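The values are calculated or read from the model by the stated rules, or taken from the named source; none is laboratory data. This one's a predicted model, so the numbers in the text were calculated from it and none came from an experiment. FYI the Cβ positions are ideal-geometry reconstructions off the backbone, even for glycines, and counts take in every protein chain you see. Just the protein is used for accessible areas: all its heavy atoms, side chains included, with ligands, DNA and RNA removed. Shrake-Rupley method; radii C 1.70, N 1.55, O 1.52, S 1.80 Å.
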Amino acid sequence: MTQVTRAKNGEISAEMRLAAVNEGVSAEYIRDKVATGRIVIPANVNHSKLEAVAFGQGLKTKVNANFGTSEDYDQLENELEKLKAAVEAGADAVMDLSTGDKIKETREAILNNSKLPVGTVPIYQAAVETVKSGRGIIEMEVEELFGVIADQAEEGVDFITVHCGLTLETLRHLAAEGRVTDIVSRGGSFMAAWMLHNDQENPLFEYYDRLLEICYKNDVTLSLGDALRPGSLADATDRAQIHELLVLGELVDRAREADVQVMVEGPGHVPYDQIETNIKLQKELCKEAPFYVLGPLVTDIAAGYDHITAAIGGTAAAAAGADFLCYVTPAEHIGLPDIEDVREGVIACKIAAHAADIAKGVKGAKERDNKMARARKKLDWEKQIELALAPEKLRESRKEHNQSLKAEDACTMCGSYCAMKIVDKQLK
Ligand code: SF4
């Protein structure tokens, strides 16, 4: 039985109760929103380590960190270190995007070590295994793809990105559009190449009911991927992207009817002024399904600093209603992120999410800032460290920049001309 079935039956599960405590809302609120699909709790029945997290309406904006091996970097230990860094930095979920040699072992190790919900993109494994067997991705068998999805569901993966909305009709819109960057979603590109070569409908769309059965059995949450997410500002909000979104809206309805939890993924590279429109459209067309966005990146020209580009877009998106932000690291558009990139990416994304939560009026968000303001006024550095989104960074930075000062002193920025001290003294 899935969380939705239980919620529809009026039951409050342990996962709903935990989410309610962590969010500071009532368990009934969580249950009612899960029942209507406005909140999801990705919690595969086989993921024994999981401490459930809820995503969606009225809740804190959540942050996802991606990592995983690649052909060129295939060290399982490194990926476990990245998991540790992501957890320490405050991620709410992780995705294993491995395409290296030991995909299954890497995923198992991450599942065994992660209390956070774990997501995957199953077509990666299906594609890599097809290539390893001496065939091209276009020769991947439908059975192989569904076999991988079923295996991952049995292993305990909590949510899967599946590009079900990419249809032959959507691809016709893409061809007509004349995009600059065509398709930048890796899974989307695999699926599109397969469909175009074989002149066949997307099996994830054609056999969607089969996918729903697998997800229902293990309570895997569907994350309906946007294969046509714009990969450049020039391609944002075009007909191809919106056509796919229309299809995804219909698939949300079908998932809800089958008691399968579902969220929808979104763009991508989007000019700042188009972000709110994108979020409102998704919320409307997908009947307020939780929205999981990558970035959005508000400019194409900041490689090396794309965690900042994405944080700007992430705040705008979440303030407009997006529920879940996928981090972007400083290595985006450059290479596989290392451990430090993961840490920086999560922190940047946490800042974006928190800024949006203040704007959205999420319970408790602004109170933390108010406490920080009071601690600053009192020059209470320990309290500031406790309240900071990146406490270790503040502790180290305070030490590094103020070596000659005492713990209770102001700081080297203004020294004896500290505004806080001067005004405090006079007001007293
Ligand atoms: S010295 Fe200046 S920057 Fe430092 S705490 Fe005082 S007012 Fe703030």
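Scanning for something aliphatic (A, V, I, L, M) and within 13 Å of the ligand (Cβ to nearest atom), does segment 351-363 turn up at least one residue? Within segment 351-363, not a single residue is aliphatic (A, V, I, L, M) and within 13 Å of the ligand (Cβ to nearest atom).
Taking segment 357-368 as the search range and keeping residues that are assigned to a helix (DSSP H, G or I) and open to solvent by 60 Å² or more (accessible area, probe 1.4 Å), which one is farthest from T309 (Cα to Cα)?
Filtering first and then ranking leaves E367.
Looking only at residues of segment 135-162 that are touching a strand residue (DSSP E or B) at 6+ places or on another chain (Cβ under 8 Å) and in a loop (DSSP other than H, G, I, E, B), we find that the one that is nearest to V270 (Cα to Cα) is D158.
Inspect all residues belonging to segment 357-374 and state whether any of them is in contact with a strand residue (DSSP E or B) (Cβ under 9 Å, 6 or more places away or on another chain) and at pLDDT 95 or above. Checked against the condition, which is being in contact with a strand residue (DSSP E or B) (Cβ under 9 Å, 6 or more places away or on another chain) and at pLDDT 95 or above, segment 357-374 yields no hits at all. Is there a residue in segment 59-66 that is open to solvent by 50 Å² or more (accessible area, probe 1.4 Å), under 20 Å from the mean Cα position of the chain (by Cα) and touching a residue at least 40 places away in the same chain (Cβ under 8 Å)? Within segment 59-66, one or more residues are open to solvent by 50 Å² or more (accessible area, probe 1.4 Å), under 20 Å from the mean Cα position of the chain (by Cα) and touching a residue at least 40 places away in the same chain (Cβ under 8 Å). Looking at K371, is it open to solvent by 100 Å² or more (accessible area, probe 1.4 Å) and in contact with a helix residue (DSSP H, G or I) (Cβ under 6 Å, 6 or more places away or on another chain)? Yes; evaluated as a whole, the condition is true for this residue. For segment 411-428, a residue qualifies if it is more than 9 Å from the ligand (Cβ to nearest atom) and surrounded by 13 or more Cβ atoms within 10 Å (Cβ to Cβ), and exactly one does: D424.
Would it be correct to say that E408 is open to solvent by 60 Å² or more (accessible area, probe 1.4 Å), more than 10 Å from the ligand (Cβ to nearest atom) and either part of a helix (DSSP H, G or I) or at pLDDT 95 or above (or both)?
Spelling it out, it is not the case that E408 is open to solvent by 60 Å² or more (accessible area, probe 1.4 Å), more than 10 Å from the ligand (Cβ to nearest atom) and either part of a helix (DSSP H, G or I) or at pLDDT 95 or above (or both).
Filtered by the rule that a residue be surrounded by fewer than 20 Cβ atoms within 10 Å (Cβ to Cβ) and either at pLDDT below 95 or not in a helix (DSSP H, G or I) (or both), segment 15-37 gives G24, V25, S26, T36. When the residues of segment 109-134 are narrowed to those that are assigned to a loop (DSSP other than H, G, I, E, B) and of a type outside the set (G, A, S), which ends up farthest from the chain's Cα centre (by Cα)? Within segment 109-134, the match that is farthest from the chain's Cα centre (by Cα) is K115. For segment 256-284, a residue qualifies if it is outside any strand (DSSP E or B), within 20 Å of the chain's Cα centre (by Cα) and farther than 23 Å from A234 by Cβ, and the qualifying residues are V260, Q261, K283. Put simply, of R343, R398, R376 the only residue that is within 13 Å of the ligand (Cβ to nearest atom), surrounded by 15 or more Cβ atoms within 10 Å (Cβ to Cβ), in contact (Cβ under 8 Å) with a residue 12 or more places away in the chain and assigned to a helix (DSSP H, G or I) is R398.
When A303, A316 are checked against the criterion of being buried (at least 18 other Cβ atoms within 10 Å of the Cβ), of a type outside the set (K, R) and either in a loop (DSSP other than H, G, I, E, B) or under 17 Å from the mean Cα position of the chain (by Cα) (or both), A316 stands alone in meeting it. Considering only residues in segment 346-356 that are in contact with a strand residue (DSSP E or B) (Cβ under 7 Å, 6 or more places away or on another chain) and not β-branched (V, I, T), the one that is surrounded by the fewest Cβ atoms within 10 Å (Cβ to Cβ) turns out to be K350.
Set side by side, the residues L80, L97, L76 differ, and just one is closer than 20 Å to S223 by Cβ and surrounded by fewer than 23 Cβ atoms within 10 Å (Cβ to Cβ), which is L97.
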